[in-house]
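Everything on this sheet refers to the single structure shown next.
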Amino acid sequence: MVEQLICNQQVPGSSPGAGSTSFMPGYIYIISSETSGRHYLGSTNNTQRRLAQHNANAVRATKNRGPWRLIKVVEFSNIVSARRAEQHIKKQKKNLVEVVRHDGYDWAQFS
């Protein structure tokens with residue numbers, strides 16, 4: 001089962017132009033390797049397409065480490081907000097993938 005959270009507010013300072021895909025929802029996702037138990041966090045505007053790319057070994061960071069399954073999705077109002085949240089999480093020194101995975105992350109800072 002995939003857990004999905006929704007954070008539907010735009011990050012301050014992100015004002016995408018007309019015709020931009022930034023008006024589409026963006027997502028942070030966590031996938032888990034069914035063979036190694038490792039986790040990967042990324043952002044996308046289409047979680048099913050992105051999961052298929054991971055499982056087809058089309059993503060260098062997860063190549064030959066699958067199969068992968070989607071375990072958590074957090075929805076943002078646009079891809080810009082989702083990417084900012086992803087970058088923030090990945091810049092932290094501690095393993096925030098585990099914090100996010102277990103609902104210990106405060107998404108309000110990106111709202």
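Please treat every number below as a calculation from the coordinates, not as lab data. Note that the structure is predicted; figures quoted are calculated from it, not measured. Cβ coordinates were reconstructed from backbone atoms using ideal geometry, including for glycine residues, and neighbour counts include every protein chain displayed.
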Q | Local electrostatic count at residue 33 - Lys and Arg +1, Asp and Glu -1, tallied over other residues with Cβ under 11 Å | A | +2
Q) Sorted by average packing, counted as other Cβ atoms within 10 angstrom per residue and highest first, what order do 43-51, 30-38, 81-89 take? A) 81-89, 43-51, 30-38
